[in-house]
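Novice: This structure is in structure tokens; I'll ask about it shortly.
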Amino acid sequence: MDSHSLAMILMLAVLTLLSAYFSASETAFSSLNRIRMKNMAAAGNRRAQRALALSEDYDRLLSTILIGNNIVNIASASLATVLFTLYFGDAGVTLSTAVMTVIVLIFGEISPKSMAKENPDSFAMFSAPILKALCVVLTPVNALFRQWKKLLSRLFGHRDAGGITEEELITIVEEVESGGAIDEQEGELIRSAIEFDDQTASDILTPRVDIIAVEYGAPLDKIAEIFQNNGPSRLPVYDDTVDSIRGILHEKDFYTLYHRGGQDIAPILHEPLLIPPGTRLFTLLRRLQQAKSHMAVVIDEFGSTAGLVTMEDVLEELVGEIWDEHDRELPSLQQLSEDGWLAAGSANLEKLFEELDISHSVEEFDCVTVSGWIMQELGRIPSEGDTFSFDRYQVTVTRTERRRVAEARLEKAAPPVPAES
């Protein structure tokens, strides 16, 4: 074998190595962790800064990689054809095609891409300086391909998919959780934060019938009794009816007045924060913070009081139930047996459907509580003992209070026995 043949073999090895480099670079930049790369770049890592800058214009980078990869692959195939023809004559074309296909697949594609997939961040930072230089050199060609892409987009009506949707973000959180990077509680907190603003004040309010309030002018002994027996730290004060909330009375301010022998609670009443039922929770939280208040009064379209929302109610949508020494632990859904559950009438309907894996959407109903759902299904005011079938469950009203459902039992119906043929 002469020196000319050895030079061609050496050139083939270099071209194969370059093919591996371009293939690995393509995989690395498509798989790198952008969040980790941003953190490294912010910490002053120059290699990470270069790699991140290249990934910002991924179309240009990809064009550069593909052009380089195709050039070296075509060059290696041509050179191999010349070499094999030199030694094997007409059969050299077929042999070079077979040999180069195997070499390019194994050493130029599969192996480098597999290795880059294992450590995409490291390889992206390693390859960034050379790719940056190639992007500059191939600027005219990239500009041509950029115009070609625009033409294709117009011809085929390509539409930008936009950013990540809420559903996709939740899926990412689930993937990270299943990978062990975060635990179940952290994943649940992130999901709650993502879905936080989907809910409104009407979804979490304490309804009007459950409001513990006192009429302005009531004896101080009666107000003290309400504080003592019901345990609220804040008490709405109304004129004539609950539809006319005068102010919010704080327990600490009341007892200070009470023990000092004061009689008029007007000076210690706090201005009520009034909100419509459709106020989203993020907006509500901000308004509560701005007003330095822990309670908001929900006013419906007719100007009547629909219910109350507290800061605790809002925060519980993020972190789950918050119990204090005054709370009575009354679970909204209690499992009685393998196929039986007891649901509170005030329980959130959407959470009930999720817990019991009921396929129906809550959007089918004009209510947010179990009591409202049962009333809508029955088409009348429920009574104890009323029952109906829904999805896979038999629903029975077990207790009512003031013309609404206080508790209901849900039992999973046995699957039908197939008829014998």
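Novice: Among the numbered criteria (1) open to solvent by 40 Å² or more (accessible area, probe 1.4 Å); (2) in contact (Cβ under 8 Å) with a residue 24 or more places away in the chain; (3) within 41 Å of the chain's Cα centre (by Cα), which single criterion is violated by Gln263?
Specialist: For Gln263, the failing item is (3).
Novice: What is the residue count in the stretch 368-392 for residues that are open to solvent by less than 30 Å² (accessible area, probe 1.4 Å) and within 30 Å of the chain's Cα centre (by Cα)?
Specialist: Step one: list which residues in the stretch 368-392 are open to solvent by less than 30 Å² (accessible area, probe 1.4 Å), which gives 370-374, 382, 386, 388, 390.
Narrowing further to those that are within 30 Å of the chain's Cα centre (by Cα): 370-373, 390.
The total comes to 5.
Novice: In the stretch 351-396, which residues are touching an Asp or Glu at 6+ places or on another chain (Cβ under 8 Å), under 22 Å from Arg208 (Cα atoms) and either touching a residue at least 24 places away in the same chain (Cβ under 8 Å) or not in a helix (DSSP H, G or I) (or both)?
Specialist: Val368, Ile374
Novice: So, one more: What number of residues in the stretch 5-60 are in contact with a helix residue (DSSP H, G or I) (Cβ under 7 Å, 6 or more places away or on another chain), surrounded by fewer than 19 Cβ atoms within 10 Å (Cβ to Cβ) and outside any helix (DSSP H, G or I)?
Specialist: Number of matching residues: 1.
Novice: Right, here's the next one. Name the pairs whose Cβ atoms lie under 8 Å apart, with the first residue in the stretch 211-228 and in contact (Cβ under 8 Å) with a residue 60 or more places away in the chain and over 13 Å from Gly262 (Cα atoms), the second of a type in the set (Val, Ile, Thr) and buried (at least 16 other Cβ atoms within 10 Å of the Cβ), and 6 or more positions between them or separate chains?
Specialist: Correct list of pairs: Ile211/Val242; Ile211/Thr305.
Novice: Within the stretch 133-146, track down each residue that is of a type outside the set (Val, Ile, Thr) and under 12 Å from Ser63 (Cα atoms). Even if it seems obvious, please write down each step before you answer.
Specialist: Quick first cut of the stretch 133-146, residues of a type outside the set (Val, Ile, Thr) only: 133-135, 138, 140, 142-146.
Selection gives Leu134, Cys135, Leu138, Pro140, Asn142, Ala143, Leu144, Phe145, Arg146.
Novice: Scan the stretch 177-192 for residues that are open to solvent by less than 60 Å² (accessible area, probe 1.4 Å) and either of a type in the set (A, V, I, L, M, F, W, C) or under 17 Å from Asn348 (Cβ atoms) (or both) and jot them down.
Specialist: Those that are open to solvent by less than 60 Å² (accessible area, probe 1.4 Å) and either of a type in the set (A, V, I, L, M, F, W, C) or under 17 Å from Asn348 (Cβ atoms) (or both): Ile182, Arg191, Ser192.
Novice: Considering only the stretch 283-304, I want to know if a residue exists there that is surrounded by 12 or more Cβ atoms within 10 Å (Cβ to Cβ), at pLDDT below 90 and of a type in the set (Val, Ile, Thr).
Specialist: Looking for residues that are surrounded by 12 or more Cβ atoms within 10 Å (Cβ to Cβ), at pLDDT below 90 and of a type in the set (Val, Ile, Thr), one finds none in the stretch 283-304, hence no.
Novice: Okay, moving on. Residue by residue through the stretch 195-235, note down the ones that are open to solvent by less than 70 Å² (accessible area, probe 1.4 Å) and closer than 17 Å to Leu284 by Cβ.
Specialist: Phe196, Asp197, Gln199, Thr200, Ala201, Ser202, Asp203, Ile204, Leu205, Thr206, Pro207, Arg234, listed by residue number.
Novice: OK, next. Given the conditions (1) modelled with pLDDT of 90 or more; (2) touching a strand residue (DSSP E or B) at 6+ places or on another chain (Cβ under 7 Å); (3) in a helix (DSSP H, G or I), and given that Gly307 satisfies all but one, which numbered condition is not satisfied?
Specialist: Condition not satisfied by Gly307: (3).
Novice: What number of residues within the stretch 12-41 are more than 30 Å from Leu83 (Cβ to Cβ), at pLDDT 90 or above and over 26 Å from the mean Cα position of the chain (by Cα)?
Specialist: Total meeting the criteria: 1.
Novice: Return the residues of the stretch 78-122 that are hydroxyl-bearing (Ser, Thr, Tyr) and surrounded by fewer than 16 Cβ atoms within 10 Å (Cβ to Cβ); say none if nothing qualifies. Break it down stepwise before answering.
Specialist: Going residue by residue through the stretch 78-122, those that are hydroxyl-bearing (Ser, Thr, Tyr) are 78, 81, 85, 87, 94, 96-97, 101, 111, 114, 122.
The answer is Ser78, Thr85, Tyr87, Thr94, Thr97, Thr101, Ser111, Ser114, Ser122.
The values are calculated or read from the model by the stated rules, or taken from the named source; none is laboratory data. Values in this document were obtained by computation on a predicted structure and should not be read as measured data. In this analysis, Cβ positions are derived from the backbone assuming ideal geometry, glycine residues included, and neighbour counts consider all displayed protein chains. Only protein heavy atoms, including side chains, enter the accessible area calculation; ligands, DNA and RNA are left aside. Shrake-Rupley method; radii C 1.70, N 1.55, O 1.52, S 1.80 Å.
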